[in-house]
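> The following block contains the structure, expressed as structure tokens.
Derivation of every value follows stated rules applied to the coordinates shown; laboratory data play no part. Nothing here was measured: the structure is a model prediction, and the numbers come from that model. No Cβ is skipped: glycine too gets one built from the backbone with ideal geometry, and neighbour counts run over all protein chains shown.
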Amino acid sequence: MIHRRFLLFCLIPVCLAGCALLDQSTPAPTPTPFPEPEPLSLVVLNQQVVDTVCLEIRQAFPNAPGRGSFPLEESISGVLEAAGMQVVEDDCTAMLAYDLQFEALAANYVPGGQCYTGLEVTGEMSLTVDSESYTSRLFALREPADTVGTCIKDPADSFNQIYPIHENLLMNSLREAWGDRILLYGFNSDFYSETGNILQDLGMDVLPLLLEGMRHPSAEIRKGSITTLDYLDPPPIEALPALIAALDDPHEGGNFYRNSSDGSFFPNLDVQRAAIDTLRRCYGPLAEPALPKLVEILKVEIERENKPAVNDIVSTLETISGEQLGEDWEAWQEWLETQG
């Protein structure tokens, strides 16, 4: 596998041990509702709200004609549908079309000779609503690296082994049409990693968007928004109340878990664990208000004999408090009581 060395992009106008899934006979607690997100409107074509989209993607591989197409329709549809739009075959309010060309780039290495270690994507995105159209030229480049661990001789193979720069390109093209808010919905799609990369690059300007994402009905969007906070410097104090609230993150639908012995319910562990990790890595002593809830979670995980979670929580408690009380949740509780 060839590692990413340089990227250039531009747009030109489960159940853990000791628990069992909730059965149908047990009434689930009512989760605290999240606010319904505002409809996503275009930032082009007069700020229109689109509810149905026809999607057309053409892909060409000039120097690798035998290469099959990437499954881009599924990935882009996932973002649009997460944002509340329906992707349909016909009778749509908007037509979104891509015309993309992928070309493997070669460089000469000693030893190795000519190796295909670069990738260029060019093309065009067009969006049509009613009789109005918007067009953007697309360009992404991954230049051949100075040194490579593997020499790719067949250009067709390079598309499988080189970092998929088209994912960043396509997510940014959707952002150009619908604005920054559509990035949140990338967390609910195959573009999860690239969504995080784009948001990280926006720096502190992205904070209002992440705060919105932390209150989104989708657990994946809440989790992605929390993990992106890790890359903001300095850690935003404004996000601390939402992070602490995420320690008791409510569930969606039937994704409740209960302890097999007493039927008690546990929060969404993905979102909760993301919040714990971010509090430890980014906030340290600033996260002191989270200590009581962390001790409560520690007690639960000890009872469930969930050793990895216990280690994670103890590390977080020690980082925030400066105390070294190990896995003794009662000692932590007593210490908290002495702190007033």
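> Sort 325-331, 164-170 by packing, meaning the average of other beta carbons within 10 Å per residue, with the highest value first.
By packing density, highest mean first, the sequence is 164-170, 325-331.
> Where the centroid of each part is defined by its Cα atoms, how far is the range 211-226 from the range 149-192 in Å?
Comparing the Cα centres of the range 211-226 and the range 149-192, I get a distance of 21 Å.
> Mind giving me the FRET efficiency for Ala97 and Asp180? R0 is 22 Å, r the Cβ-Cβ distance, nearest 0.05 is fine.
0.45
> Same structure, new question: Given R₀ = 56 Å, what would the calculated FRET efficiency be for Asn63 paired with Met204, taking r from the Cβ atoms and rounding to 0.05?
That pair, Asn63 with Met204, gives E of 0.85.
> Tell me the label-point distance for the pair Asp90, Glu238, using the 7 Å Cα-to-Cβ offset, in nm and rounded to one decimal.
Those two pseudo-labels are separated by 4.8 nm.
> Then there's this: What is the sum of charges, Lys and Arg at +1 and Asp and Glu at -1, for the other residues whose Cβ falls under 12 Å from the Cβ of Pro285?
Summing Lys/Arg as +1 and Asp/Glu as -1 gives -2.
> Stretch Ala156-Asn46 to full length: gain in nm at 0.36 nm per residue minus the Cα-Cα span?
That works out to 35.5 nm of additional length.
> Of all DSSP beta bridges in the range 52-192, what percent run antiparallel (nearest 5)?
Percentage antiparallel, nearest 5: 70.
> Here is a follow-up. Would you please give the FRET efficiency between Gln339 and Glu36, computed as 1/(1 + (r/R0)^6) with r the Cβ-Cβ distance and R0 = 45 Å, to the nearest 0.05?
Between Gln339 and Glu36 the formula returns 0.70.
> For Lys293, which lysines qualify as cross-link partners when the Cα separation must be under 29 Å and same-chain residues fewer than eight apart are set aside?
Lys223, Lys307
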